[in-house]
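Reading through the C-alpha cells given below for one structure.
Just so you know, all these numbers are worked out from the coordinates, no wet-lab data involved. Every value quoted in this text rests on a predicted model; they were computed, and no experiment measured them. Note that each Cβ is placed from the backbone with ideal geometry, even for glycine, and that neighbours are counted across all protein chains shown.
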Amino acid sequence: MTAGQWLLLLLPVAAASGWYAARYTHARRRPLREPPLDRYLEGVRYLLDDQTDRALQAFIEVVEIDHETFETHLILGRLFRRRGEVDRAIRIHQNLVARPALTDAQRAHAMYEMGRDFLLAGVFDRAEVAFRELMDSPSVGIRALEGLRNVYETQRDWIQAIEVGTRLLEHGGASAALRIAHYECELAQEKLAQNRTELALEHVDRAMGLCPGLSRALLLRAQVAERSGDIPLSIELEREAVVRTPALATLVVPKLERLHLNSALPRGAVNLEDTLRSLANEQKITVASIALMRLYRRTNRLDEALTQLHRILAQRPVPTSGLLEAVRWMKILPAVHTYSSEFAAFEKALMDQLRSQPLYQCSNCGYQGRAHVWQCPSCRRWDTLRGIDLDLDQPPNQTFESF
Ligand SMILES: [Zn+2]
C-alpha cells in the first residue's frame, strides 16, 4: 500500500478520533497520559514516511490508552499483517469480532480482515468460512467475494472459482469475464491432460464465449487440432493467436517452426518462411525476424539473413536471442574464419546470458521469470506475462533437405 493510499484510509479515522478526543477532553472521563489524537497523528506521519515500526508503536500506545477504538485496532491488525505477523493480526481481528457493541458493518469489516489474515497464513478453510459468511454483506460483500475467489484460485479449485467469478461478473467487475475465461482454460487443460478432448473443447468454447478471440483459447484449440492430426488448422490457430497478441510470439513462433518442419506437410519449410515473413514484415514481430534469420542461416541464404539482421539490431533493447543469432550468422561468413575461436567465445557468452536471463515479464507488476504462466505468480493477474526474449536452446528438429 502506498503512502497516499494509507492517507486515504486514515482520513475518516482521524476525524472520528478527533471526535473521541474532544469528547473525552470535554467530559474529563479519565486522565490521559497523552492525548490519543496527537499520538495517533504521529502514527499517521510515520506511516507516510514508511516507518512501519514507529507507526506500530504509536498505534499500540493509542489502543492502550483507548481500548474501545475500533479503527485503530483495524490499522494495527493490518500493520501486523503487513509485517508478516499474521498470528497477531488474527488475534486482534478475532477480539474485534467478539465485541458485543459493534455495528453490523464494523463486525463485517473485522471479519473480512480476519479472512484476509487466514488467506495470507494459508489457512484456506477458515478464510473460506469467513468470506462465505460475508458474501451478502452490503458493506464488504464484493470484497469478500474477491477474497473467496483468491482462496479458490490459490487452491486451483476452478469450479468454485467460476461460481464466485460469475457472482462478481453480475456486479460488473471489468476483468471478471477474463478471469472466468482463464478458469475455463485451466479446466480445458486438465481435461486435455486426461485425454478427454471433447470436454476440453466445451471449456474452450465457454472461454471464447466470455472473451471472443482470447489467444489462450485459440492456442488450446490449436493443441486439440494438432492432437487430432489436423496440422494445417493448428498452424492457422497459432498464427491467429500471435497476430492478436504479438507479445505471445516467443511462445508461439517456436511452435510454428515445429509444426511446419516436423510434420509430414508438403513444402513445410517454404510455408514456414511465408508465415515468418508475414509476421516479421507486416506484424513487426522481432521474434519472427530472429526465427527467419535462423532459417536463412541454415539454408545459406546469407543476403536475406542480413536484411533480418538489420531489423533485429534496430530494436531497443536488442533481444539477446537476436544477438546470438547474429553471431551464429557471422560465424559462417568466410571473412571471419580467422577469428573463429573469438566468435565461438562470443557465442558462448551470449548463450550463457540467454540461459540465465528472464524470458517473460509481467506487464502489470514487472515480475520476471523464465517460464510462461497464464497467471502472474506475483500480482496474480491473468494474461499479463509478455515474452521478452526467445529461448534458442530448443531448436526444432528440422530437416532442410527438402527445402
Ligand atoms: Zn504481475
Relative contact order as a percentage, the chain, C-alpha pairs under 8 Å and 6+ apart, gives 7 percent
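Rank these for me by crowding, SER228, SER278, going from fewest to most other beta carbons within 10 Å.
On the way: SER228 11, SER278 14.
Ascending number of Cβ neighbours within 10 Å: SER228, SER278.
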Kindly point out, ordered by number, any Cys in the chain whose beta-carbon has no other cysteine beta-carbon under 4.7 Å away. CYS185, CYS211
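Sort MET111, MET135, MET208 so the one with the fewest other Cβ atoms within 10 Å of its own Cβ comes first.
Details: MET111 21, MET135 15, MET208 18.
Ascending number of Cβ neighbours within 10 Å: MET135, MET208, MET111.
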Starting at the first residue of the stretch 273-287, write each ³J(HN,Hα) from the Karplus equation 6.51 cos²θ - 1.76 cosθ + 1.60 with θ = phi - 60°, in whole Hz, x for Gly and Pro. 4, 4, 4, 5, 4, 5, 5, 6, 7, 8, 8, 6, 8, 4, 4
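Counting only helical runs of four or more DSSP H residues, what would the 222 nm mean residue ellipticity of the chain come to if each run contributes -39,500 (n - 2.57) and the total is spread over all its residues? Before the final figure, lay out each step's value.
Details: 19 runs with 275 residues, N = 403.
Dividing the helical sum by the residues of the chain leaves -22000 deg cm²/dmol.
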Amide H contacts under 5 Å for GLN283, placed H, 5+ residues apart: none
Residue by residue through the stretch 334-340, which ³J(HN,Hα) values in whole Hz follow from phi under the Karplus form 6.51 cos²θ - 1.76 cosθ + 1.60 (θ = phi - 60°), with glycine and proline marked x? x, 5, 9, 4, 4, 10, 4
Spatially proximal lysines relative to LYS348 (Cα-Cα < 21 Å; intrachain offsets below 8 disregarded): LYS331
Hey, could you pull the Cα Rg and Dmax for the chain, both in Å? 28.8, 96
Which of the aspartates and glutamates could be linked to LYS255 by a straight reach, that is with a Cα gap under 17 Å, when you skip same-chain ones fewer than 8 residues away? GLU226, ASP230, GLU236, GLU238, GLU240, GLU273, ASP274, ASP389, ASP391, ASP393
Can you tell me the 0 to 90 degree angle between the C-alpha axis of helix 104-121 and the longest principal axis of the chain, rounded to 10? 40 degrees
Rounded to 10°, Cα long-axis angle of helix 86-98 versus longest principal axis of the chain: 50 degrees
Listed with the fewest Cβ neighbours within 10 Å leading, CYS362, CYS185 appear as CYS362, CYS185
Please list, ordered by chain and number, the residues whose modelled amide H lies under 5 Å from the amide H of TYR367; skip anything fewer than 5 residues away on the same chain. CYS362
Residues with amide H under 5 Å of ILE388's amide H, sequence separation 5 or more or different chain, H placed in the peptide plane at 1.01 Å from N; which? TYR360, GLN361
